[in-house]
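Readers should treat all values here as calculations from the given coordinates under stated rules, not as data from a laboratory. Being a predicted model, the structure only gives us computed values, none of them experimental. Backbone-built Cβ (ideal geometry, glycine too); neighbour counts: all protein chains shown.
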Amino acid sequence: MKISFIGGGNMATALIAGLAGKAARGGDIHVVDPNAEALGKLREAYGVRTAPGIGAEVAASDVIVLAVKPQQMRDVALRLQSQLENRPLVLSIAAGIRGADLSRWLGGYGAIVRTMPNTPALVKQGITGMVAMAGVSEAQRQAADSILQAVGQTVWLETEDLIDPVTAVSGSGPAYVFFFLEAMQQAAVEMGLSSEQGRALALATFTGAAQLAAQSDEPAEVLRQRVTSKGGTTHAAITSMEAAGVKEAIVAAMKAAAARGRELGDELGKD
């Protein structure tokens, strides 16, 4: 499988790291990016081929991964129109770019899988929501799945409108986790622990609790209740959060993220 990446940023690098030498040989991966330094690092680390612009290597690909910023997608897609004679799978990892708009910019091309990965892909612990457009073959669907499974789990969606909720839950989700970790570490320091101690305690607690939830068949609510003895220290903390409307604020924040995803689709798809 010959794969071209348009864009060599963090998410593309994570995917390349997961693929090179495993799902694909480094020599079968081609990366296009104007940043010569970034290309040099990718060549050295993974043995990939590189170029500063779109050319014949891209046209010969089985899969083209669009890993550019959403604001750059239209210009990149217009340049790709003449490179699709080989009928490759086009795999988009950009937020907010709808399949119909990408297809239109590609001259009506339909073999597109739209995805929403997240940054834990950088340590092969990502999860990606995926939806296939009508022109995607079963073989291409499997190829898309194998590429994203190189850096974590995949969840296939029946309809594209579910990409925005996925963006809100898992795409943006790591930031919520980091935000909560910030608060735990701040509280630790304010209560007299060192910043190093606070970091170690917060990280281990978050990692351990997530693993416990992942390995348990019971819902998070039940696991929480087991830690929360009435009248105890945890009960005092949860009661304080409930009084402050923490859960409602998190739900509202995630709905705001999904709404912003829909807005981005409207804004970026106007042209």
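What to note about this one:
- Counting Cα-Cα pairs of the range 179-271 in 5 Å increments starting at 0 gives whole-percent bin shares of 2, 11, 12, 18, 20, 14, 8, 6, 5, 3, 1, 0.
- Per the Cα gyration tensor, the range 1-45 maps to an equivalent ellipsoid with semi-axes of 16, 10, 10 Å, ordered largest to smallest.
- Size of the chain as Cα extents on the principal axes (Å, biggest first): 68, 38, 32
- Percent of Cα pairs in the range 3-163 per distance bin of 5 Å, from zero to the largest separation: 2, 10, 20, 24, 23, 15, 5, 1.
- Separation of the residue 187 and residue 87 label points, Cα + 7 Å toward Cβ, nm: 5.7
- Coil-residue GluC sites (Glu not before Pro) of the range 13-92, DSSP, other Cβ within 10 Å capped at 13: 85
- FRET efficiency, residue 227 to residue 256 (Cβ-Cβ, R0 25 Å, nearest 0.05): 0.30
- Distance between the range 218-271 and the range 46-77 - C-alpha centres, whole angstrom: 37
- Histogrammed with a bin width of 10 Å, the alpha carbon distances of the range 1-98 distribute as 17, 55, 27, 1 percent, first bin at zero.
- Among the GluC sites (Glu not before Pro) in the range 130-170, those located in a DSSP loop and surrounded by at most 15 other Cβ atoms within 10 Å of their own Cβ are 158.
- Based on DSSP H segments of at least four residues, each scored -39500 (n - 2.57), the chain has a per-residue ellipticity at 222 nm of -15500 deg cm²/dmol.
- What the Cα atoms of the range 141-198 give is an Rg and a Dmax of 17.8, 53 Å.
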